[in-house]
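Taking it in order: structure first as structure tokens, then the write-up.
The numbers here are math on the coordinates, done by the rules we state, and not lab data. Fair warning: this is a prediction, and the values are worked out from it, not measured in the lab. Every residue, glycine among them, receives a Cβ derived from its backbone with ideal geometry; neighbour counts consider all protein chains shown.
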Amino acid sequence: MAEILHTTHCVNAEPVTQAHTPTTRRFNRVLSFMSWMVTLEREMEAEHEPGYGSDFDAVLRQAEAVRAELIAEAEHLLDIPPYRPADRALHRLGFLLLLDLTMTDAQDCRRLHRLAADPDLFTIEGSDTAARQTRAMQAQFFKLFDQMGDLGEFGGEGECFEQWQDPAPMPA
């Protein structure tokens, strides 16, 4: 026996904004990996000198793996087409993060973090649900991005692994 399903149809209803798009779901993953990476990097910087013990090596391997995952997540974010205008802002943040993670010069990282502090670059227009949601995600991103900027590896005051090593002499 077939059951009858009753459905309700809205007439003249405004379109409902989708809570999460593929872009916002991926960006949430990016934020999670950013938080994890910052935690591990801080743990490594907490040591004044490299421990070279099994604990330090384990944290270093885990931090490198998380960083690789974060880079992959940022690249995947950029591969997803924007579903709505607010998603474009998340793409810009993903590109900013990818630049920061792939730079090798601490001075360039500092300049990038100063540039990112310009509020006009990442303005999200609108007062709809999508814009509010994106602004909240953006605020979390910049909180983590600022924490990354404080790390020695990204040009901050902390010490990075390369600073612990004696630099090789440069030939004349």
Extent of the stretch 60-102 along each principal axis, from alpha carbon coordinates, in Å, largest to smallest? 38, 16, 12
Between the stretch 52-88 and the stretch 91-123, what's the alpha-carbon centroid distance in Å? 15
Can you sort 30, 38 by how many other beta carbons sit within 10 Å, fewest first? 38, 30
Taking 0.36 nm per residue of separation and subtracting the Cα-Cα distance, what length does fully extending residue 62 through residue 28 add? 10.2 nm
Proxy reagent accessibility, fewest Cβ within 10 Å first, across 99, 115, 151: 115, 99, 151
Once R0 is set to 25 Å, what does the formula 1/(1 + (r/R0)^6) return for the Cβ-Cβ distance between residue 140 and residue 111, expressed as a FRET efficiency to the nearest 0.05? 0.60
Debye intensity ratio I(q)/I(0), log10, the stretch 22-156, q values 0.09, 0.12 Å⁻¹ (C-alpha model): -0.28, -0.48
Residue exposure sequence - 32, 127 - by fewest surrounding Cβ within 10 Å: 127, 32
